[in-house]
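Participant: Before anything else, here's the structure in question.
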Ligand SMILES: [Zn+2]
């Protein structure tokens with residue numbers, strides 16, 4: 001009787017293990033990622049992009065009309081940079097765009113925080129928020145940005161930056177085309193001195209070849225599509 005029950009338990013465990021192993025994405029994830037530990041994600045319906053961007057007041061006056069109408073153009077598919085079962089948003093006031101920061105900070109962000117900090121678990125996959133072309137792949141741990149990737153979208157009118165990565169995909173090089181939801185690297189803490197691992201995420205509107213304007217990415221991540229790990233576009 002006891003032995004019979006043991007077989008049943010073993011069989012159930014085997015089925016569970018097979019289910020867990022079988023649902024991983026077809027991608028060589030960096031060593032720290034345990035794909036089996038990543039929860040499945042339910043597709044989330046897009047919220048209407050009617051959220052007013054939070055910007056430092058002194059920048060607001062100079063803001064060209066409706067950058068987010070461009071960013072959220074209906075023909076584009078924008079996805080959240082962290083595929084997960086949660087819509088990661090800045091978890092603390094200091095993680096929001098424009099938050100007061102020390103040190104030498106860009107005038108373009110009102111000398112405040114130029115992006116948002118998403119404090120998801122370390123080594124979580126980070127994906128491109130939209131179709132685009134890789135602009136920079138930087139692997140210098142001495143940089144304040146740490147290891148980072150920037151991608152340009154919409155014929156170069158918009159750029160997205162993903163900073164403090166622990167790992168960047170080996171084949172990622174400038175000029176390479178990536179799709180919305182395509183894996184770029186892993187959330188980490190390169191270049192981070194005081195806080196824990198997080199993704200510093202920035203969005204820039206390129207006004208011309210030499211002029212750019214950073215905008216608050218929070219409305220974009222609030223309105224973006226949350227994708228399943230299984231939907232990640234991989235090479
Ligand atoms: Zn940051």
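Participant: Let's test the formula: R0 of 22 Å, r as the Cβ-Cβ distance of residue 211 and residue 144. What FRET efficiency results, to the nearest 0.05?
Facilitator: That pair, residue 211 with residue 144, gives E of 0.50.
Participant: Additional query: Label points 7 Å out from Cα along the Cβ direction at residue 122 and residue 177: separation in nm?
Facilitator: That separation, rounded to one decimal, is 3.7 nm.
Participant: For the residues 117, 228, what sequence is obtained by ranking on other C-beta atoms within 10 Å, fewest first?
Facilitator: Values: 117 24, 228 18.
Listing 117, 228 from fewest to most nearby Cβ atoms yields 228, 117.
Participant: Would you please give the FRET efficiency between residue 85 and residue 193, computed as 1/(1 + (r/R0)^6) with r the Cβ-Cβ distance and R0 = 41 Å, to the nearest 0.05? The partial results should precede the final answer.
Facilitator: Working: r = 30 Å, r/R0 = 0.74.
Rounded to the nearest 0.05, the efficiency is 0.85.
Participant: In nm, to one decimal, how far is the modelled label at residue 157 from the one at residue 92, with both set 7 Å along Cα→Cβ?
Facilitator: Computed distance between label sites residue 157 and residue 92 equals 3.7 nm.
Participant: Same structure again: Which ordering of 163, 176 is given by a fewest-first count of other beta-carbon atoms within 10 Å?
Facilitator: Taking fewest neighbouring Cβ atoms as first place, the list is 176, 163.
Participant: For a footprinting-style exposure proxy, rank 193, 161 by other Cβ within 10 Å, fewest first.
Facilitator: Numbers: 193 7, 161 21.
By the 10 Å Cβ count, ascending, the order reads 193, 161.
Readers should treat all values here as calculations from the given coordinates under stated rules, not as data from a laboratory. Because the structure is a prediction, the values reported are computed rather than measured. With ideal geometry, Cβ positions are generated from the backbone for all residues, glycine too; neighbour counts draw on all protein chains shown.
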